Amino acid sequence: MKKTAFAFLLSIFSILQTQAQTTPNYPEQFTANLAQHCGKAYKGKIVSSPIPADFENKELIMYVSSCTNREVKIAFFVGDDLSRTWVFTLKGDRLELKHDHRQPNGQPDEITMYGGTTTNTGNDTIQYFPADQETAQHIPAAASNLWWVTINEEEYTYNLQRAGSSTSFNVVFDLNNPIVTDKRAW
């Protein structure tokens, strides 16, 4: 009986170990999908309504500016405003999104490095980032923010929804048509 129970437990352990080895690390795959575009820039458009006044009639460009195996930085240019960079960082089996805002002299903006960390592993094409405690403390109105980012062979999307709001902010970038830009984040 003891040998049978031991054999049974050993087989269960073996199955679990095999599953753990074959379970994809989606945050790593997602980051790798972003990194495939390192050094490339793409035009985007806002697909939500209303369009924020500071975005209206402005050229939108994402530039995948920096890539390592743990972090990808994507500059987001709004016309001549080069202040925004999305920073994706692997944190164990989760992914963190922070918004790095800079002044024209390169110094951190007063409101910067807000965002959140995924609460699950998501998948290789979409990740969800609820606002973290640091964001809630520094920007109380953003405490209920939920950002999500998607990437596939056709497009990259950046999205924001605030709980209790009937509107969202959604930008889509066409990954089929890289562009040349000499713009760089501040």
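What follows is calculated from the coordinates using simple rules that are stated; it is not laboratory data. As the structure is a computational prediction, the values presented were derived from the model and not from experiment. Neighbour counts run over all protein chains shown; Cβ positions are idealised from the backbone, glycine included.
Here are the numbers for the structure shown:
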quantity: For Pro24, net neighbour charge (Lys/Arg +1, Asp/Glu -1) across residues whose Cβ lies under 13 Å away; calculated: -3
quantity: Mean shadow area of the range 27-99, taken as a quarter of the surface of its Cα convex hull (nm²); calculated: 5.3
quantity: Structure-based [θ]222 nm, the chain - -39500 (n - 2.57) summed over DSSP H runs of at least 4, per residue, nearest 500; calculated: -6000 deg cm²/dmol
quantity: Options Gly39, Ile61, Thr181, ranked by Cα towards positive dipole end of the chain, top entry (Cβ charges); calculated: Gly39
quantity: Cα-based shape type of the range 58-186, given that a ≥ b ≥ c are square roots of the gyration tensor eigenvalues and the cut on a/c is 1.5; calculated: rounded
quantity: Derived scalar couplings ³J(HN,Hα) [the range 71-84; Karplus, 6.51 cos²θ - 1.76 cosθ + 1.60; whole Hz; x for Gly, Pro]; calculated: 8, 10, 10, 10, 6, 10, 9, 10, x, 8, 7, 9, 7, 9
quantity: For the chain: lysine pairs under 26 Å (alpha-carbon distance), excluding those fewer than 8 apart on one chain; calculated: 20
quantity: Whole-Hz couplings from phi, Karplus 6.51/-1.76/1.60, listed for the range 149-166; x for Gly and Pro; calculated: 10, 10, 8, 9, 5, 9, 8, 10, 10, 10, 9, 9, 10, 10, 3, x, 9, 8
